[in-house]
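Chemist: I have a structure here, written as C-alpha cells, and I will follow up with some questions on it.
The values are calculated or read from the model by the stated rules, or taken from the named source; none is laboratory data. Note that the coordinates shown come from a computational prediction; the quantities given were computed from them, not determined experimentally. Note: ideal-geometry Cβ built from the backbone for every residue, glycine included; neighbour counts use all protein chains shown. Just the protein is used for accessible areas: all its heavy atoms, side chains included, with ligands, DNA and RNA removed. Shrake-Rupley method; radii C 1.70, N 1.55, O 1.52, S 1.80 Å.
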Amino acid sequence: MDSYKTILSVFRSPDQTERLCLLADGLAGIWQSRVLGFHARPGVSVNVGLRGTELKEWLDQKREHIDEQAANIKAVFEHYASLSGQNWQWRSMDADLVPGGEASLDLARCADLVLINRLEHGSTLMDPDMTLEQLMFETGRPVIVVPKGYPGEKTGQRIVIAWNDTREASRAAFDALPFISNASANSVRLVCPPLPENSPRQLPQGADLAEALARHGVEPEIKTLPGRHADAGAEILAECEEFGADLLVMGAYGHSRLREYVFGGTTETILNSATIPVLLSR
C-alpha cells in the first residue's frame, strides 16, 4: 500500500471534531483521499430513580442534548468539507440501532486508515473507549489515535516506529508505509529493545526491517532503547520527544473485551500519555 485513499474519521466528542477534521484534511491532501466522517449518536440509559413525568422530562433533556451534539459535529464536518479540495462524505447512525458500538466497524473495515480521538477518563459518554477497542482489535485496519489538544494539521513528518520483532509491530510498520514512503531523509527512527545476552543474531535488532523499509525509499535510523525507564511505554515516549516525532507507529497488544480485555501495559501507557498521534495496528 503506497497511499491511503479512504480515510475514516470517527467522531465521538464535539470538542475534538475540528481537530480531527483538520488532520483528516491535511492527510487527504497528501494522497488525494476520500474522507468519510462517521458519528454514532449514543443511546440514552434510563434513570431508574425517576418515574412518570419526571422520567419523560429527563429523557427529553437527554435526547435534546444528544441531538445538539450530533448537529454540532455534523456542522463542523460540513464546514471543513466545503473548504476541502477532496471528496468528503457524512454518515451517522443511532447507536441504539446497532448494539455494542458496531456501527463504525463495517465502514472501518473498508477504509485504508481510521482516525479517532482518545476520550479523557471520566468522560460523560458511556463506555467511551469501547469503540476505540473494537476499531483496533476487530477491523484489521490501522487506527490513528489523536490525543486531546493535538494542534497539528498533519502528522508523519517525523516518525518513530516501535519495533520488537513481533507480528503486531510488523503489521504496524507496514501499515504505515504511506507515511514512511512520504517522509524525508533522516526523519524516521526505529526504536528497539536491546538484544538478549548470548543472542545468536549477528545483526542488531531492527536491522532487517530497516533494510526492508529502505527499499521503499527511506533509510530509517536504528536506536536501541537505553533503558532509562522501567516502563517500556515511558521509554518509547521519551524517544519520541527526543526525536521531535509527530507520529508514533506501534503494534497494539491485548485481548478482546470478551476475555476481560485490558490494553497491554505499554499500549495503555502510551495512549494515556502520548501528546502526538499514535498509529496502532494488530
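Chemist: So which residues in the stretch 68-79 are in contact (Cβ under 8 Å) with a residue 12 or more places away in the chain and among the acidic types (D, E)?
Modeler: Across the stretch 68-79, the qualifying residue is only E78.
Chemist: What's the total number of residues in the stretch 175-193 that are open to solvent by 10 Å² or more (accessible area, probe 1.4 Å) and free of Cβ contacts under 8 Å to residues at least 40 places away in the same chain?
Modeler: Result for the stretch 175-193: 5.
Chemist: Of the conditions (1) modelled with pLDDT of 90 or more; (2) assigned to a loop (DSSP other than H, G, I, E, B); (3) over 15 Å from the mean Cα position of the chain (by Cα), T275 fails just one. Which one is it?
Modeler: (3)
Chemist: Inspect all residues belonging to the stretch 180-202 and state whether any of them is in a helix (DSSP H, G or I), out of contact with any Lys or Arg (no Cβ under 6 Å at 6 or more places or on another chain) and either at pLDDT 95 or above or under 20 Å from A274 (Cβ atoms) (or both).
Modeler: Yes, the conditions are met somewhere in the stretch 180-202.
Chemist: Please tell me if V218 is within 22 Å of the chain's Cα centre (by Cα), at pLDDT 85 or above and open to solvent by less than 30 Å² (accessible area, probe 1.4 Å).
Modeler: no
Chemist: Same structure again: What pairs come up if the first residue lies in the stretch 141-154 and is within 17 Å of L8 (Cα to Cα), the second is at pLDDT below 80 and part of a loop (DSSP other than H, G, I, E, B), and their beta carbons are under 7 Å apart, counting only those six or more places apart or on different chains?
Modeler: The qualifying pairs do not exist here.
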